[in-house]
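The values are calculated or read from the model by the stated rules, or taken from the named source; none is laboratory data. Just so you know, these numbers come straight off a predicted model, no measurement behind them. Backbone-built Cβ (ideal geometry, glycine too); neighbour counts: all protein chains shown. Quick note on the areas: whole protein, heavy atoms, side chains included, nothing else; ligands and nucleic acids left out. Shrake-Rupley method; radii C 1.70, N 1.55, O 1.52, S 1.80 Å.
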Amino acid sequence: MFNMALVAGAALLVVLMVINIIISKVSSPDKYDIYKPAGVLFALGIILLSISSVGRIEIMGLGFGGWGGASLFAAAIGFIVTSLVDTSNQSEQK
């Protein structure tokens, strides 16, 4: 069960990073649009964790709590990587 949550979190992280790459190429560096996908994933993780307390529902062998934890893991790592990339982009502009 824990291994499946790690795999799901890693898969969500890869998807999040691809979306961040696309958004960083499309948007201007002065805006904070690059942080929005990780924020949405964080909110989704909180919602899934809240729903998991109601009942036991499994999707692909992992309950809502596992998916919520995987989403929060991916969002946390995504926020860290995004802030490092944003800091690098800001320092190159000056």
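When SER28 is tested against (1) part of a loop (DSSP other than H, G, I, E, B); (2) touching a Phe, Trp or Tyr at 6+ places or on another chain (Cβ under 9 Å), just one condition goes unmet, and that condition is (2). Selection of region 44-63 for residues being modelled with pLDDT under 85, surrounded by 13 or more Cβ atoms within 10 Å (Cβ to Cβ) and under 21 Å from VAL14 (Cβ atoms) yields only LEU62.
Can you confirm whether LEU16 is open to solvent by 50 Å² or more (accessible area, probe 1.4 Å), touching a residue at least 12 places away in the same chain (Cβ under 8 Å) and of a type in the set (A, V, I, L, M, F, W, C)? So LEU16 does not fit the description; no. Checking each residue in region 76-94 for being touching a residue at least 60 places away in the same chain (Cβ under 8 Å) and either within 13 Å of the chain's Cα centre (by Cα) or open to solvent by less than 40 Å² (accessible area, probe 1.4 Å) (or both) picks out ILE77, GLY78, VAL81, THR82. Among residues belonging to region 21-52 that are among the aromatic types (Phe, Trp, Tyr) and touching a helix residue (DSSP H, G or I) at 6+ places or on another chain (Cβ under 7 Å), point out the one that is nearest to GLY65 (Cα to Cα). Among residues in region 21-52 that are among the aromatic types (Phe, Trp, Tyr) and touching a helix residue (DSSP H, G or I) at 6+ places or on another chain (Cβ under 7 Å), the one nearest to GLY65 (Cα to Cα) is PHE42. As a summary of the residue check, LEU41 satisfies the conditions (1) surrounded by 17 or more Cβ atoms within 10 Å (Cβ to Cβ); (2) free of Cβ contacts under 8 Å to residues at least 12 places away in the same chain; (3) aliphatic (A, V, I, L, M) except for the one numbered (2).
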